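Take a look at the structure set out below.
The values are calculated or read from the model by the stated rules, or taken from the named source; none is laboratory data. What you are looking at is a predicted structure, and each value in this text was computed from that prediction instead of being measured. For neighbour counting, all protein chains shown are included, and Cβ atoms are generated from backbone atoms with ideal geometry for every residue, glycine included.
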Amino acid sequence: MKKESFPHTSPCGSMSEVSDVETSLNWDHIGLKVGLEIHQQLKTERKLFCNCRNTLVEEGPEVIFERRLRPTRSELGEVDVAAYFEWKKGRIYEYHAPLLASCLVEADEEPPHSMNQEAIEIALGVALAMDSKPVDEIHVMRKIVIDGSNTTGFQRTALVSIGGGLEIKGKKYRIQTICVEEDAARKGEEKDERISYVLDRLGIPLIEISTAPDINSPEEAIEVASWIGTLLRMTGKVRRGIGTIRQDLNVSIAGGEKVEIKGVQELEILPKAVSFEAMRQKKLLELKEELYRRGLKKDDIVFSPIDVTLILKSSKSKVVERNLSKTKGKAYAILLRNFKDLLGFELQPNRRFGTELADYARFYGDVKGLFHGDELPGYGITEEEVRKIYDSLGGDIEKDNFILIIDEEEKALKSLKAAIERIKAAFDGVPKETRSILPDGTSKFMRPQPGAARMYPETDIPPIPISDEMLKRAFSLKPPTPGEKKRFYEEALGLNPSLAEQLIGSEQQEMFERLHSRLKGKVDPTTIASLLLVHMVSMKREGIPVDNLNEEQIYESLVLLSEGKITKEGLPELIKLLSERPNAKPIDIAKSSGLLTMGEKEVRDIVKKIISENAKVIEERGERSKSLLMGLIMKELRGKAPGSLVAKLVEEELKSFIQHRS
Amino acid sequence: MKKDINSLLVPGKRVKIRTKNGLSLSGLVLQRYEIFDPNYITLKLDNGYNIGVKVDNILEAEEEIVEERKASGEFVPETLPSEVVSKKKIHIIATGGTIASKIDYVTGGVKPVLKTEELLEMVPELRKIGEISSEILMSIFSENMAPPQWEEIAKRIYQYQQKEPGTGILLTHGTDTLAYTAAALSFALGKLSSPVAVLGSQRSSDRPSSDSAFNLIAASIYASSDICEVAAVMHGETGDSYALAHRGTRVRKMHSSRRDAFQSISSLPIAKIDPFTGNIKVLRSDARKCGNELLDKEIGKPNYKFSDKVSLLKFYPGMPPELIDFLVERGIKGIILEGTGLGHVSEQLIDSIKRATDSGIIVGMTTQCIFGSVNLNVYSTGRLLIKAGVIGLGNMLPETAYVKLSWALGNFGYEEAKRILLENIAGEYEERELPSYFPMWKHE
């Protein structure tokens, strides 16, 4: 049963409903602040720290090996908390190392080679485009990541430039830093304590662009993300496709806390992620208020687990049965006085405060889940069993609440403790945490936020000074901003605004640029752009396999057009035919399917033929029969001659025909 | 003005810097390695990144008040119960390398863990294996190890085993010359009364993927076993699945960086160890079981002297005979040659070799093929070498032969040393070389 407000304590409904928050939140009013971290794979020849090809592979030979990671300690004896709990869970990582795209470096069996210069220069080029200032000397760092996605247990990352910004609709957004880092391994199956990863993606260079928290609405978030995405694509040096760009965001509202949300892969999820997080923080602030309104205090929340195993021993609930049958399986519950309805309180669609507690329990105690009074009876736990639990805890079923965990004794107690800590944190509002995105745009607790202390130097790679030569090369890679490029397309190339807009950041942009420069102005840019963006796109939609075409075929077809060997009208037809014969030469196809233009004499013969066939009509209508004749002739020619030539010949021949007759 | 800036740009100071290209930076100035360009300073920014700033690029700098460093998100885990499950005693002797270390996140420096308690905190699994004690004997890179250090180590182990009989010894060592030390201890310690494991790590212990804990646990399991041999205990394969205990005289570092670099050559490891279950599987029927004897009565006290008048020489095409003459002039007492194939050198060298043996230098022949045995009877060059007084050393590894000759000449006279060189005293000769002792390289 959903409980979204506190009916018995809040008669005037001061707490908002989840369903209407998304549309009704006034972003300015709640003080929404969002910063983005955009990660984009670079299209370099080789990986960032070795000579492996920058590619993902689905087939081919592979080596499989198994590793474990353990947390490292700082000089104060501290360990990264997430790392520690991953280790405690006894995780085994199974690595699949494809021989086509990984070597000893990815296997963590060889020190990294020196950093890929090309990747640094692309990042510097992007930095220059956003007026971000390159550092004098790049230092590669190790950022501890111990979920197994890096065989080393850390991600190598280097700060390349600082500051800069961008402007959209007159508003400025600051850039904080631009970094180059290595991508992590691809996650495969996860089964119990075993997680598998594929190493082809590990080491692919990424550029990471972090904005300041200058974004104030979900719409702005998507605008900034697409602006940066477009800029990156305009370098022509980024990989495309699913998973090649990922966004992390940090979101806060006034009175809330800067919360990190990781792993947004699709741009469309971004505004949802922002508004759902804003909503969650607002709800947590409401929850805090409600706690105080009920006169509750942090100190009232104590870790006082009561063994309720006896009550549930003969429960018919499958979950209960399964967990109690474990060795040392126990059921422990903790009473929460005056907490009725608070655990069922919804923070995000289908995610209640109780869900948050369960996530904490899972992270810290490695249990499967947690029950609370607001969702019981349920899951096979009966009303009677619930009443007995209340009785044994000495609680009032009408006013109080409880949390319940059934698992191995040690795990159950540890996770209950974590849940209690999370409840205590609710008295302060929003905890500082890192969350991971869920497919619907909501998010779940992933780990507490790591400190800057998670970073230490990669001692295997000496610092890299940024030389004038590097900056020079970077300058040649500097992409124009999307606005600049649009203006160039419109003003210098004469594309219409909508075609220019469509072209920017599109997959076809790079090919357009190459074709345009190779053809040296012999084909009108609008013709090239509409072939790629209009004709070929609609052909694809019709199921014509245009992806089979190679660029050379398109280029040669355009050359035929520029030489007058085919007509503008015949071009799409030729492309269509070529896509079905990927290895064919355009000139051969044009010849064999009669798409080659005719000489003036041949066209004139056809014009004469059609005129004589239609003598009667011409006699009746005279000069007015011209458009009718044009239509018939064009149909006959099927694009083998340009319309302008046909019109000229029709004019001449018609005149001479009429003169002859009279 | 410039002078003021320089006084601020010293390691440990927190500074706020404005650069000529318009950046405002604040962070902690860090110590730079000496090999780095001195025209830059290293700055640790608040976001954790280090960057280098060109000193010429600094417009102004001012000191910032140092705040207490807070470690948000990190925590100190509760210490584990100190109950010792096993009564077996294990003593760790550190010689260098960073088998256990902590990171200074501020400077990025790595500090070795010195105390047993700290070590147990980092590798709590050790508690289950035995009662651990530790000491630091020396702290040197393994490439700087030499016969005097072998002596010192052997002496210390002997003394410790005298004082605490039955204690398993773990010797932590840099990996580069680990195999030489393992061989040296195999000869010097004679017949053991408790296991001695020599171990190192191929991935430094400041990283989560380090192999040091894995090797420490495996070595501890070996040290608490009843195998009384000196063994190098390291990763068996690239994954964290099993470790191997290699006989100290048959082990060699076969790769510059892999975890499983250490392998038994033309031989079989003594045992296979699963560090997660604690299982140890003996692979060799001739593995020496611990008895009650303290030390071998025949030899009495161990002979832990090593001569520094021995040389290991690798033959190469075009090698000039003067190299050998030079060693002779320098008063060398023994030479181990790494010949080609079955044990050959160019005939140009034979006269020099003859002069060496005539003047009382022991010259032994091993093969640079690493796998396989020398045999000086097959080709005429071999027969000429025998005539020149060269001793064929079978399938003893070149490094082991070098260590053995150094030990033999350190403790015994010429004749005795010559005799001992051919005697199989610590498994240095593999008497039957089986087809399965050669690795199967993958070609497809």
Return the pairs, sorted by first residue and then second, in which the second residue is acidic (Asp, Glu), the first residue lies in region B:301-321 and is within 20 Å of B:LYS155 (Cα to Cα), the beta carbons are less than 6 Å apart, and the residues are 6+ apart or on different chains. B:TYR304/B:GLU151; B:PHE306/B:GLU151
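Quick grid of which residues meet (1) in contact with a helix residue (DSSP H, G or I) (Cβ under 6 Å, 6 or more places away or on another chain); (2) buried (at least 17 other Cβ atoms within 10 Å of the Cβ); (3) modelled with pLDDT of 90 or more; (4) within 29 Å of B:GLU399 (Cβ to Cβ):
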{"residue": "B:LYS102", "(1), (2), (3), (4)": "no, yes, no, no"}
{"residue": "B:THR107", "(1), (2), (3), (4)": "no, yes, no, no"}
{"residue": "B:GLU121", "(1), (2), (3), (4)": "no, yes, no, no"}
{"residue": "B:TRP150", "(1), (2), (3), (4)": "yes, yes, yes, yes"}
{"residue": "B:GLN159", "(1), (2), (3), (4)": "no, no, yes, yes"}
{"residue": "B:GLU164", "(1), (2), (3), (4)": "no, no, yes, no"}
{"residue": "B:THR172", "(1), (2), (3), (4)": "no, yes, yes, yes"}
{"residue": "B:ASP176", "(1), (2), (3), (4)": "yes, no, yes, yes"}
{"residue": "B:ALA184", "(1), (2), (3), (4)": "yes, yes, yes, yes"}
The condition from (1) part of a loop (DSSP other than H, G, I, E, B); (2) without any contact (Cβ under 8 Å) to a residue 60 or more places away in the chain that A:LEU343 misses is numbered (2)
Note on region B:249-283: residues among the hydrophobic types (A, V, I, L, M, F, W, C) and within 14 Å of another protein chain (Cβ to nearest Cβ) are B:MET254, B:ALA261, B:PHE262, B:PHE276
Can you confirm whether region A:71-79 contains a residue that is within 30 Å of B:LEU119 (Cα to Cα), in the same structural domain as A:LYS272 (by TED's automatic domain parsing), touching a Ser or Thr at 6+ places or on another chain (Cβ under 8 Å) and modelled with pLDDT under 90? yes
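Would you tally the residues in region B:193-247 being assigned to a loop (DSSP other than H, G, I, E, B) and under 26 Å from B:TYR437 (Cα atoms)?
Here the count works out to 16.
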Scan A:ARG240, A:ARG246, A:ARG233 and give me the residue that is touching a His at 6+ places or on another chain (Cβ under 6 Å) and not aliphatic (A, V, I, L, M). A:ARG246
Which listed residue, of A:ASP396, A:ASP341, is more than 29 Å from A:LYS89 (Cα to Cα) and touching a strand residue (DSSP E or B) at 6+ places or on another chain (Cβ under 7 Å): A:ASP341
For region A:213-230, state whether one or more residues are among the polar types (S, T, N, Q) and part of a loop (DSSP other than H, G, I, E, B). yes
Report yes if B:GLY190 is modelled with pLDDT under 95, assigned to a loop (DSSP other than H, G, I, E, B) and within 14 Å of chain A (Cβ to nearest Cβ), otherwise no. no
Looking at this structure, is A:SER102 among the polar types (S, T, N, Q), in a loop (DSSP other than H, G, I, E, B), more than 8 Å from chain B (Cβ to nearest Cβ) and crowded, with 23+ Cβ neighbours inside 10 Å? yes
Within region B:11-38, residues at the interface with chain A (Cβ under 9 Å from one of its Cβ atoms) and either in contact (Cβ under 8 Å) with a residue 60 or more places away in the chain or not acidic (Asp, Glu) (or both) come out as B:THR19, B:ASN21, B:GLY22, B:LEU23, B:SER24, B:LEU25, B:LEU30, B:ARG32, B:TYR33, B:ILE35, B:PHE36
With the structure loaded, tell me whether B:GLY318 is part of a loop (DSSP other than H, G, I, E, B) and more than 28 Å from B:MET254 (Cβ to Cβ) or whether it fails that test. no
Of the residues in region A:71-84, those that are touching a residue at least 40 places away in the same chain (Cβ under 8 Å) and more than 28 Å from the chain's Cα centre (by Cα) come to A:PRO71, A:THR72, A:SER74, A:GLU78
Of the conditions (1) modelled with pLDDT of 95 or more; (2) more than 30 Å from B:PHE438 (Cβ to Cβ), the single one that B:MET365 does not satisfy is (2)
Restricting region A:115-146 to residues that are within 8 Å of another protein chain (Cβ to nearest Cβ), closer than 23 Å to B:LEU25 by Cα and in contact with a helix residue (DSSP H, G or I) (Cβ under 8 Å, 6 or more places away or on another chain), which is surrounded by the fewest Cβ atoms within 10 Å (Cβ to Cβ)? A:LYS133
A:SER149 vs. criteria over 18 Å from A:THR44 (Cβ atoms) and either more than 9 Å from chain B (Cβ to nearest Cβ) or not in a loop (DSSP other than H, G, I, E, B) (or both): yes
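Got at least one residue in region B:210-225 being free of Cβ contacts under 8 Å to residues at least 24 places away in the same chain, within 24 Å of B:VAL113 (Cα to Cα) and surrounded by 24 or more Cβ atoms within 10 Å (Cβ to Cβ)?
yes
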Among all residue pairs at least 6 apart or on different chains, which show Cβ distances below 6 Å where the first residue, located in region A:236-258, is closer than 19 Å to A:GLN449 by Cβ and the second is small (Gly, Ala, Ser) and assigned to a strand (DSSP E or B)? A:ASN250/A:GLY35; A:LYS258/A:SER252
Within region A:436-479, residues more than 14 Å from chain B (Cβ to nearest Cβ), under 19 Å from the mean Cα position of the chain (by Cα) and not polar (S, T, N, Q) come out as A:ILE437, A:LEU438, A:PRO439, A:ASP440, A:GLY441, A:LYS444
Identity of the residue in region A:562-612, in contact (Cβ under 8 Å) with a residue 40 or more places away in the chain and of a type in the set (Asp, Glu), that ends up nearest to A:GLU551 (Cα to Cα): A:GLU573
Within region B:142-174, how many residues turn out to be touching a strand residue (DSSP E or B) at 6+ places or on another chain (Cβ under 8 Å) and among the aromatic types (Phe, Trp, Tyr)? 1
For region A:154-204, how many residues are in contact with a helix residue (DSSP H, G or I) (Cβ under 7 Å, 6 or more places away or on another chain) and among the hydroxyl-bearing types (Ser, Thr, Tyr)? 2
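Step by step: first the residues of region B:226-245, then only those that are free of Cβ contacts under 8 Å to residues at least 60 places away in the same chain and over 23 Å from A:ILE64 (Cβ atoms), then the one that is surrounded by the fewest Cβ atoms within 10 Å (Cβ to Cβ). Which residue is that?
B:ALA231
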Taking interchain pairs and intrachain pairs at least six residues apart, which have beta carbon atoms under 7 angstrom, with the first residue in region B:323-346 and in the same structural domain as B:LEU405 (by TED's automatic domain parsing) and the second in a helix (DSSP H, G or I) and among the hydroxyl-bearing types (Ser, Thr, Tyr)? B:ILE324/B:SER352; B:ASP325/B:SER352; B:ILE336/B:TYR402; B:HIS344/B:THR381
I'd like the residue in region A:22-44 that is of a type outside the set (Phe, Trp, Tyr) and more than 23 Å from the chain's Cα centre (by Cα) and, out of all such residues, is nearest to the other protein chains (Cβ to nearest Cβ). A:GLY31
Can you name the residue in region A:597-650 that is loosely packed, with under 15 Cβ neighbours inside 10 Å and hydroxyl-bearing (Ser, Thr, Tyr) and is also farthest from A:GLU563 (Cα to Cα) among such residues? A:SER612
